[in-house]
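Peer 1: Before I ask anything, let me first share the structure, which is written out below as structure tokens.
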Amino acid sequence: MREKWALKVGSETAILFDSPDKFVDAISSNFMNVGFIHYIFPEALILHIYRDPMDTLFHASTGRCGDPVPDYASSFEGLSSLYKGYRTMMDHWEYVLPGRVTHLKYEDLMRDTPTELRKILDKAGLPWDERVNLTARRRKGPFLRTIGYGERYQTYLNKLRDVLGDKVRYDVKI
């Protein structure tokens, strides 16, 4: 893994820093890179945290992710197109790399954080550390409030629901 990390970050950077035994790359666009991640890190845990589609898209459309609202999020059609592409890619990875991606429902993570964190750490081959739970609990409050956005604002989101069609629900078969 150290050699692959050095290739990924470049030899100059690798000389400056010790390479990690484990690291997290939590970029939302990684759904497009599952095959690449699997190729360069065949033993790595690939964790897919998914949530209610309407909550996901409402959240993305408000710019509450800390970033300015991207162009695709300025219309329901743009949001729907991106979301459908994401779902198509995740279905593809499940087809070509069956069982390689570990799926975790966001709502479960928020409602029962210690249990879900233990599952993640166990899957990654890491021991439980209460500091992980304490850190997660401190950050959880604002994220817990985002559950159910789709229901609370459904009057305004009916057009988005229509554009999503059969993708309005996401129940991963694990």
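The values are calculated or read from the model by the stated rules, or taken from the named source; none is laboratory data. Given the structure is predicted, the values throughout are model-derived calculations rather than measurements. All Cβ positions, glycine included, derive from the backbone under ideal geometry; neighbour counts span all protein chains shown. Surface areas here come from the heavy atoms of the whole protein model, side chains and all, with no ligands, DNA or RNA. Shrake-Rupley method; radii C 1.70, N 1.55, O 1.52, S 1.80 Å.
Peer 1: Condition test on Ile147, is it of a type in the set (A, V, I, L, M) and at pLDDT 75 or above? I'd like the intermediate steps shown before the answer.
Peer 2: Numbers: of a type in the set (A, V, I, L, M): yes; at pLDDT 75 or above: yes.
When the stated conditions are applied, Ile147 passes them.
Peer 1: Please tell me if Asp108 is modelled with pLDDT of 80 or more, closer than 13 Å to Ile49 by Cα and open to solvent by 40 Å² or more (accessible area, probe 1.4 Å). Lay out the reasoning, then the answer.
Peer 2: Working: modelled with pLDDT of 80 or more: yes; closer than 13 Å to Ile49 by Cα: yes; open to solvent by 40 Å² or more (accessible area, probe 1.4 Å): yes.
So Asp108 fits the description; yes.
Peer 1: From the list Phe17, Phe36, Phe41, which residue is farther than 22 Å from Leu164 by Cα, open to solvent by 80 Å² or more (accessible area, probe 1.4 Å) and modelled with pLDDT of 70 or more?
Peer 2: Values: Phe17 fails: modelled with pLDDT of 70 or more; Phe41 fails: open to solvent by 80 Å² or more (accessible area, probe 1.4 Å).
Just a single option satisfies the conditions, and that option is Phe36.
Peer 1: So, in segment 68-105, exactly how many residues are among the polar types (S, T, N, Q), over 17 Å from Ser29 (Cβ atoms) and modelled with pLDDT of 90 or more?
Peer 2: Residues in segment 68-105 being among the polar types (S, T, N, Q), over 17 Å from Ser29 (Cβ atoms) and modelled with pLDDT of 90 or more: 1 in total.
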